[in-house]
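Comments concern the structure below.
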Amino acid sequence: MTYHNRNHQLFSAILLSLILLLSTNTFACANTIVVESNDSTSSDKQLIDWLRSNGATINEKLEIRHINPDDSTSPKGVFATENIDVGEVICEIPMDLMIHPEGKQDWTSTDCGTIEATYKAMTAEENVMNPYVKHLLSQPKDYLPIFWSKEGFDFLVLMLGFFLPPHASDIDEILQPNLCEAPYNDVEDPMMRHARMLVIARSDYAYMIPFYDMFNHKSKRYHIHHEISYYNIQEEQRAKLVAQRSVQAGEEIYNSYNQCDECESKEYMGTAEILMTYGFVESIPQIWFLYYGRLKFELDWKDEDESTNELVVNFLVTPSKRGLSWLRAELKRLLEFEDLNRKNFGASIPESEWNTIWRYYDAMVLAFTKALESATETSEKVWEPSDAHWYVTGDGKAWDEPIVDVDFEKMAQYLGKYGFSDEL
């Protein structure tokens, strides 16, 4: 059965363009939160000099520069100027240069103390010339979807429909609107709002760590190992990163915001959750968690080599016929949504939000199409566990977090609306 009625050659051309768009070379800013509105090379140098003069170690083989050296408006990243060996220190940042709450902290703490500390740091008169505070103040405002305009956010929700991630429950969990006491729960105050957004997007749990937050994201094949992390920052009074892979001169050095060696509590985060939490659409490799269809898969380059220009799907759990029918229906709905809306730019939606929405659309269409093409084996076993415990991997590992309940009657009605059943 075909899952859309478009001309095959046209759709193949569209698919190829999406592959090129989401490649790391042609769309590097997809994995980037270090986006400054002006050329701030001098302020970057001031930050590094300030860190080193106050006891921090920054590897001399590193530089901060624009991802596209010929485009001063492109995002920035951290690059190697010489080869870096496995085990070399990337950076070591003393705790007294970080922004953090007072008292003992652990990974179970809420963001409230860090939001308060960040707000106070950014508004204190004595910090006017602090290079890290200046860096935080220079970051773009409201780039996380939860802080978008109402028009932009509503349009994103309209595109996602009822079933696609990120879901409303994820938004509440990220924003934590009721956990902080006044005035640190006021998202109408521009500076408080900016502090909250920075902490959500850039903190390492309770700590805002200068320089550490300038490494861009890659879900796999990242370079950083946390030798001293948030687990023992207080005991060691510092954070320390070393290279876990060799880095070639000219190569960008990546962290992973969801799959790093200290990211146990973030492993549930896929491409959708990265968008909601960090404000960008990650480029390939990607991980997709589609709860309503109980589909979980990775999208990556063949042999993990982008130069092949060939994408492969690795299902983390064997897909079901019901789940694949649901995915076909969603893909068809998305294509119809594009036909109706993409050419009609709404002036009420900021351009940056509009572009991010369609960037995420492109990622979904590409990933869903490749998943449907790659599903040669099916099993209904994924529906046997409860909604709170269903299989993540082929070895029987269970997912322990409660997820959305699946209404099978509603799903059947939905599939019928788009001309599909739960059969292949």
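Run Glu63 past the list (1) assigned to a loop (DSSP other than H, G, I, E, B); (2) open to solvent by 40 Å² or more (accessible area, probe 1.4 Å) and report the number of the one that doesn't hold.
Looking at each condition in turn, Glu63 falls short on (1).
So Arg221 fits all but one of (1) touching a helix residue (DSSP H, G or I) at 6+ places or on another chain (Cβ under 9 Å); (2) at pLDDT 90 or above; what number is the exception?
(2) is the only condition that Arg221 fails.
Residue check: is Leu340 aliphatic (A, V, I, L, M) and either within 25 Å of the chain's Cα centre (by Cα) or on the phi > 0 side of the Ramachandran plot (or both)?
On the way: aliphatic (A, V, I, L, M): yes; either within 25 Å of the chain's Cα centre (by Cα) or on the phi > 0 side of the Ramachandran plot (or both): no.
So Leu340 does not fit the description; no.
Look at Leu331 and say whether it is assigned to a helix (DSSP H, G or I) and under 16 Å from Leu295 (Cβ atoms).
Spelling it out, Leu331 is indeed assigned to a helix (DSSP H, G or I) and under 16 Å from Leu295 (Cβ atoms).
Please count how many residues of the stretch 82-100 are within 15 Å of Met214 (Cα to Cα) and open to solvent by 30 Å² or more (accessible area, probe 1.4 Å).
Qualifying residue count for the region: 1.
Scan the stretch 299-322 residue by residue and report those that are of a type outside the set (Ser, Thr, Tyr) and free of Cβ contacts under 8 Å to residues at least 40 places away in the same chain. First the steps, then the outcome.
Here is the first cut: in the stretch 299-322, the residues of a type outside the set (Ser, Thr, Tyr) are 299-306, 309-317, 319, 321-322.
Trp301, Lys302, Asp303, Asp305, Glu310, Asn314 - these are the residues of the stretch 299-322 that are of a type outside the set (Ser, Thr, Tyr) and free of Cβ contacts under 8 Å to residues at least 40 places away in the same chain.
Within the stretch 186-207, is even one residue at pLDDT below 80, of a type in the set (A, V, I, L, M, F, W, C), part of a loop (DSSP other than H, G, I, E, B) and over 25 Å from Ser283 (Cα atoms)?
Yes, there is a match, as at least one residue in the stretch 186-207 is at pLDDT below 80, of a type in the set (A, V, I, L, M, F, W, C), part of a loop (DSSP other than H, G, I, E, B) and over 25 Å from Ser283 (Cα atoms).
What number of residues within the stretch 113-129 are more than 16 Å from Arg193 (Cβ to Cβ) and touching a helix residue (DSSP H, G or I) at 6+ places or on another chain (Cβ under 7 Å)?
1
Pull out all pairs, ordered by first then second residue, where Cβ-Cβ is under 6 Å, the residues are six or more apart or on different chains, the first lies in the stretch 347-372 and is in a helix (DSSP H, G or I), and the second is modelled with pLDDT under 95 and among the small types (Gly, Ala, Ser).
So the pair list comes out as Glu353/Gly152.
Any residue at all in the stretch 270-292 that is in contact (Cβ under 8 Å) with a residue 60 or more places away in the chain and open to solvent by 30 Å² or more (accessible area, probe 1.4 Å)?
Scanning the stretch 270-292 turns up no residue that is in contact (Cβ under 8 Å) with a residue 60 or more places away in the chain and open to solvent by 30 Å² or more (accessible area, probe 1.4 Å).
Name the residue that is nearest to Phe79 (Cα to Cα), counting only residues in the stretch 207-258 that are open to solvent by 10 Å² or more (accessible area, probe 1.4 Å) and aromatic (Phe, Trp, Tyr).
Result: Tyr254.
Consider the stretch 339-351. How many of its residues are surrounded by 15 or more Cβ atoms within 10 Å (Cβ to Cβ) and over 23 Å from Trp288 (Cβ atoms)?
Total meeting the criteria: 2.
Contact list please: Cβ distance under 8 Å, first residue in the stretch 324-336 and within 16 Å of Ala363 (Cα to Cα), second residue polar (S, T, N, Q) and assigned to a helix (DSSP H, G or I), pairs at least six apart or on different chains.
Leu331/Thr369
The values are calculated or read from the model by the stated rules, or taken from the named source; none is laboratory data. Values in this document were obtained by computation on a predicted structure and should not be read as measured data. Quick reminder, even Gly has a Cβ in these numbers, built from the backbone with ideal geometry, and neighbours come from all protein chains shown. The area values use the complete protein model at the heavy-atom level, side chains included, leaving out ligands, DNA and RNA. Shrake-Rupley method; radii C 1.70, N 1.55, O 1.52, S 1.80 Å.
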